[in-house]
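Participant: The structure is given below, and queries will be raised subsequently.
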Amino acid sequence: MAAQTRTEAPATATAAAPPAPDQCAHPAPVVGIMAHEFSHYQGAIGPEGTRRTSTYYGPVIGGLPIQAWHCLDCGLLRLAYVDGRKEERRLFPGPQPGLLAEATPFDPNQAHFGLQASVSGVTVPPTMFAELVAPYAPAPYVPPWEGMELPAWGALTWFTVAGLVFVIAGLFATGVLAVYDYTTPAAVGPVITITGYTFLAILVIQVLGAAQRHWFPFPTIAPSIAATQRGKPAVDGTTIAVVTLLSLTMLGLFVAAVLAVYTYSTAAAEGPVVILTTIFALLAVIVGLGGAIARHIRSR
């Protein structure tokens, strides 16, 4: 019996040994992801000598994703690279904690470590990166007004809508002021007056608009030459000079009005400003007439 037991011991040990990769049926492999990253330290030594890259086990952080497949029975590790290369390695059988990780664009322990999935100028395809980031990236915020377009209303319709909104706000304020406090009913009168006049203005504008559309209909405005010829409007030098002189004239009139009433000491400067403003106005008239005459002569 003792000899028989000693004979069965090696057989039991042999049966407990892991099968070879070519003999294992791989019933429940572990599927995950590894990464091939640029070494952050100098002088990294590998079997082939000094190397620039190293393979580490963990989530994809600044590295090139590698789809990995590991069998717990025989220890076979199959790697599928992005560029189509495939590789097999023989590891120890049994569970390998930390060998593979779920596809994630960030380190669960260091969320701010990085979100890029690239190494040495090589970037993962957009489709794979989208698959990695999709479970963790928040949905993009879409403003509620994006894609909305204002209705193509005329000026009269917009004025009516704005006026009615103001009337609604006025009525709401009236209701609040009437019951809020014993001092607020005194403000109901002005609010009611403003709201009533606003509604009356809306009615008058609507009546005038209906009369204008009935007796004085406007024809459809033709597109401008810039729109039809697909060009930009150009202003000639004469028009630019006239507009500049008229702007200086308006500025001179404003300054003259301020000097006339500001204080008693500024009235003395009224004369030169008025003279200069008059010169600007006369020059605008002369330049405008000269440009019109020149255009008429050229058109003949």
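The values are calculated or read from the model by the stated rules, or taken from the named source; none is laboratory data. As the structure is a prediction and not an experimental result, all values here were calculated from the model. Here the Cβ positions follow ideal geometry from the backbone for every residue, glycine too, while neighbour counts run over all protein chains shown.
Participant: Evaluate the range 210-217: report whether one residue or more is closer than 30 Å to Gly154 by Cα and modelled with pLDDT of 90 or more.
Facilitator: Checked against the condition, which is being closer than 30 Å to Gly154 by Cα and modelled with pLDDT of 90 or more, the range 210-217 yields at least one hit.
Participant: Next question. Across the range 223-282, what is the number of residues that are among the polar types (S, T, N, Q) and either in a helix (DSSP H, G or I) or touching a strand residue (DSSP E or B) at 6+ places or on another chain (Cβ under 6 Å) (or both)?
Facilitator: 8
Participant: Now, a different point. Mind checking which residues of the range 231-274 are in contact with a helix residue (DSSP H, G or I) (Cβ under 8 Å, 6 or more places away or on another chain), exposed (fewer than 11 other Cβ atoms within 10 Å of the Cβ) and either aromatic (Phe, Trp, Tyr) or farther than 24 Å from Ala294 by Cα (or both)?
Facilitator: Gly231, the sole residue that qualifies.
Participant: Here is a follow-up. If I filter the range 187-194 for residues that are of a type in the set (Ser, Thr, Tyr) and within 41 Å of the chain's Cα centre (by Cα), do I get at least one hit? Quick ask: steps written out before the conclusion?
Facilitator: Residues of the range 187-194 that are of a type in the set (Ser, Thr, Tyr), as a first pass: 193.
With the extra rule that they be within 41 Å of the chain's Cα centre (by Cα), the set shrinks to none.
No, the conditions are met nowhere in the range 187-194.
Participant: Take the residues in the range 291-300 that are exposed (fewer than 13 other Cβ atoms within 10 Å of the Cβ) and part of a helix (DSSP H, G or I), then tell me which one is farthest from the chain's Cα centre (by Cα).
Facilitator: First, pick out the residues of the range 291-300 that are exposed (fewer than 13 other Cβ atoms within 10 Å of the Cβ): 292-300.
With the extra rule that they be part of a helix (DSSP H, G or I), the set shrinks to 292-299.
Details: Ala292: 50, Ile293: 53, Ala294: 52, Arg295: 50, His296: 53, Ile297: 55, Arg298: 53, Ser299: 52 Å.
Among residues in the range 291-300 that are exposed (fewer than 13 other Cβ atoms within 10 Å of the Cβ) and part of a helix (DSSP H, G or I), the one farthest from the chain's Cα centre (by Cα) is Ile297.
Participant: Please specify each residue of the range 265-300 satisfying the condition of being under 19 Å from Val235 (Cβ atoms) and among the hydroxyl-bearing types (Ser, Thr, Tyr).
Facilitator: Matches in the range 265-300: Ser299 only.
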